[in-house]
Each structure stands twice: as structure tokens, then as C-alpha cells.
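Every number in this text was worked out from the coordinates using simple rules, so none of it is lab data. As the structure is a prediction and not an experimental result, all values here were calculated from the model. Neighbour counts run over all protein chains shown; Cβ positions are idealised from the backbone, glycine included.
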Amino acid sequence: MNLKIFANESLNVKADVAILIARIVCGYAFILHGWGKIQDPFHWMGPESSMPAFFQFLGALSEFGGGIAWVIGLLTRLASFGIVCTMIVAAYFHSVILGDSFVNLTGGRSFELAGVFFTVALVFLTVGAGRFSIDQKIFGSKSE
């Protein structure tokens, strides 16, 4: 198996510092978002939910486990793929099923956060965790 898929893109130090800060801040946010879900990973959406338990588990795992992976920079691309998928489902659910707007100026439901986290996850999926990560120590960069 070729593990170079987990290798980071070669970036300059400033970009890697920015990636590190984004990983820590967004990863911590995902740990907090996923904490309640991981407590009951197969039923966190409630008994009336039509979402199968396995998909609820994947959502809880991608948020809580993905947040931890982002903070420490381990298997960042894999975690980012899970978060991308989860945010697509969240945005679809809020925009199409619930009819929420992208931004709700009165503070109600919206799918802007799912859109922002989707975008951040797409960046990490594309470039990796950066040089200040466990991924860098284990897998190196693609230029090596």
C-alpha cells in the first residue's frame, strides 16, 4: 500500500504555520461539536431520526475523532475526507430538507458553519497537515 497519500504538500513556513493554527482552532471546534455525539454515537440524532445508526456513528466519529486528528496532525487527509462527507450531509440537510438559509441574520438555523468547515476540510484534504504535524514525521512531504 502506498502511504504517500498521507504525505504533505511542500509549503513555505508561513503557510505551514497558518495550517497549524487552522488545524488547532478548527480541530478543537470539532472536538466540542462531536463530544455530545460520541457519547451516544449510534443514536445522537434521537429516536425519531430516519438517519441509519451507522451513518450517525460515522458523523460522530468524523467530528470527534477528526477533530483530534486535526489537532495533532495525524491521518489528517483521512480525517478531512470524513469531515468533508459529514459537512456535505449537514449542508444538504439544512439547505434542502429544512430549508435553512446559508446565513440566518437573526441567529436561527443556517448552513454557513457546515460550508465553512467543508472549505477548511477541503484545504486539509488537498495540502495535508503541514510540516508541524505527526503526518510530517511519519509520511514526510511529497517532494521528499
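Some observations on this one:
- The set of residues from the range 114-144 being out of contact with any helix residue (DSSP H, G or I) (no Cβ under 8 Å at 6 or more places or on another chain) and part of a helix (DSSP H, G or I) comprises Val116, Thr119, Thr126, Gln136, Lys137.
- Neighbours by Cβ (under 7 Å, 6+ apart or cross-chain): first from the range 84-102, of a type in the set (Ser, Thr, Tyr); second surrounded by 19 or more Cβ atoms within 10 Å (Cβ to Cβ) and part of a loop (DSSP other than H, G, I, E, B): Ser95/Phe111
- Every residue from the range 83-98 that is surrounded by 21 or more Cβ atoms within 10 Å (Cβ to Cβ) and aliphatic (A, V, I, L, M): Ile83, Met87
- Lone qualifier among Ser62, Ser80, Ser133, Ser110 - being surrounded by 13 or more Cβ atoms within 10 Å (Cβ to Cβ) and touching an Asp or Glu at 6+ places or on another chain (Cβ under 8 Å): Ser110
- Inside the range 38-57, residues that are touching a Leu at 6+ places or on another chain (Cβ under 9 Å) and either assigned to a helix (DSSP H, G or I) or in contact (Cβ under 8 Å) with a residue 40 or more places away in the chain (or both) make up a count of 1.
- Residues that are in a helix (DSSP H, G or I) and either of a type in the set (Phe, Trp, Tyr) or crowded, with 17+ Cβ neighbours inside 10 Å (or both) within the range 1-19 comprise Phe6, Asp16, Ile19, listed in sequence order.
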